[in-house]
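Read the figures in this text as sums done on the coordinates, not as results from a lab. Keep in mind it's a predicted model, so treat the numbers as computed, not measured.
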């Protein structure tokens, strides 16, 4: 409970969060226990990602963030992003096609779960989870994708965040 209070207080004061994270990072670095987000490469996932980028760009979405990430089976990967009130976002997670289960949970600033999706191997496009979201407030949100694979411990995943482009002003005055 105390950690939850402090984490909310720190998130509301970004400079404190920066100081704390820098001090924790330097302490971890000194001990050699640095947590690193590593990228990975998977040709099938990359093909799916390229197709999804093309699909969403044709629908008027702009790619804001993307990352190929090394994941471990059964471990969530927290992804924190600032979202703007009233904007239309599309979140995409692509997991290893041999995994049996894929889930994504998204939490708002108050740690309330606002999205939950689950897919299983064998579902149509089972290794892809995608959802739209329009935040009610401008604040940070945390997405936590996870995949479960009984044969592999180390997996590849890909996350993307798109934002709907503002429609162009097509009205013109005629005389």
Query raised in the report: How long is the gain from residue 50 to residue 123 if the chain were fully straight, where each residue apart is worth 0.36 nm and the alpha carbon distance is subtracted?
Result: 24.2 nm
Requested in this report: If a/c stays under 1.5 just call it rounded; otherwise compare a/b with b/c (prolate if a/b is bigger, oblate if not). Do that for segment 43-164, with a ≥ b ≥ c from the square roots of the Cα gyration tensor eigenvalues.
Outcome: oblate
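Using 0.36 nm per residue, how much length does the chain from residue 67 to residue 134 gain when fully extended, once their Cα-Cα distance is taken away?
On the way: separation 67, 0.36 × 67 = 24.12 nm, distance 2.16 nm.
Taking 0.36 nm per residue and subtracting the Cα distance, the gain is 22.0 nm.
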